[in-house]
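Heads up, the thing below is written out as structure tokens.
Just so it is clear, none of the values below were taken in a lab; they were calculated from the coordinates. In this text the structure is predicted, and so the values were computed from the model without any measurement. Please note: Cβ atoms are built from the backbone with ideal geometry, for glycine as well, and neighbour counts cover all protein chains shown.
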Amino acid sequence: MIAARAQTAPTDPAAFVAWFEELEASGPGQHDPLFPWLAERATVEQMRWFLRQEVAGEAGFDDLVALAQLRLADQPKLELARNYWDEMGRGNAGGMHGPMLARLATALDLASLEASVPIVWESLALGNIMLGLAANRRYAYHALGALGVIELTAPGRAALVNQALKRLNIAPQARHYFALHSTLDIKHSAAWNAEVLRPVVAAEPRAAVAIAEGALLRLEAGRRCFERYRSELGVDQSHPSRVSSASPAVRSPVPMSLR
């Protein structure tokens with residue numbers, strides 16, 4: 001269960017970061033067989049279906065970071081600002097991450113699927129979880145965990161999606177979003193863990209459980225998406241992903257002071 005696993009998170013800052021980083025290996029949905037399958041076997045139409053779901057579930061990482069930084073202490077606030085600046089293309093419209101994804105959607109004509117390909121509820125739930133945590137100050141620490149675990153776990157999946165798009169002869173400029181996130185997020189994750197999670201837990205040890213819950217909520221929502229995608233796409237089920245029996249539920253909010 002999410003709540004029970006989150007309770008195992010240590011409150012010592014260094015130990016907590018080590019616990020958090022281990023989620024890359026053992027968190028819900030990690031190393032799901034969906035992504036090697038996409039990289040090696042998916043057709044163009046199957047990739048279009050997958051990306052339609054992913055684009056629909058994208059809550060806008062830049063806007064979520066902007067909401068999450070409200071009233072943080074200086075050190076973590078500065079790191080979120082650096083992360084946001086990267087999302088904004090460092091002031092260059094062509095380098096903004098959101099429009100990069102939109103360009104891929106245009107290149108693959110995902111809009112033409114609107115009438116024939118419904119968005120699965122798991123994809124919508126993932127986006128709603130992220131927005132709900134970031135927009136509600138009661139779950140400020142949960143949002144830091146959910147956003148941080150995206151940075152931690154996304155690079156491997158992004159690299160495999162980029163591999164799939166490259167195999168299918170999608171132009172480099174169209175797949176730049178996934179190529180970028182397969183490398184940049186590694187640096188973002190290291191900085192997030194050192195400059196956001198560590199000082200936050202040092203200042204408020206109770207935040208460790210809330211951060212852990214946020215991370216596990218995001219991973220569990222992703223796991224449900226991957227499982228549904230595999231079912232819809234007919235992916236070989238002989239190597240199922242790790243599963244968690246818990247329903248996504250926030251159990252231990254730690255309100256952040258609005259000083």
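Couple of notes before you dig in:
- 5 Å-binned pair-distance histogram of the chain (Cα, whole percent): 1, 6, 13, 18, 20, 17, 12, 8, 4, 1, 0
- On the basis of the beta-carbon distance and an R0 of 30 Å, Arg206 and Arg228 show a calculated FRET efficiency of 0.30.
- Whole-percent pair-distance distribution, where bins are 10 Å wide, for the alpha carbons of segment 49-174: 11, 38, 36, 13, 2
- Full extension of the chain between Lys187 and Ser26 yields a length gain of 55.9 nm, computed as 0.36 nm times the residue separation minus the alpha carbon distance.
- Positive-end residue of Ala203, Leu110, Ala6, charge dipole of the chain with Cβ unit charges: Ala203
- Protection proxy ranking of 205-212, 29-36 - average other beta-carbon atoms within 10 Å, highest first: 205-212, 29-36
- Efficiency of FRET between Arg167 and Gln7 - r from beta-carbon atoms, R0 45 angstrom, step 0.05: 0.55
- Order of Ser116, Ser231 under a 10 Å beta carbon neighbour criterion, fewest first: Ser116, Ser231
- Magnitude of the charge dipole for the chain, about its Cα centre and with charges confined to Cβ atoms of Lys, Arg (+1) and Asp, Glu (-1), is about 200 debye.
- Span-like helix ranges in the chain, DSSP H, alpha carbon extent 27 angstrom or more, Kyte mean at least -1.0: 140-167, 207-233
- The stretch between Leu131 and Ala102 holds 8.5 nm of extra length on full extension. This uses 0.36 nm per residue minus the Cα-Cα distance.
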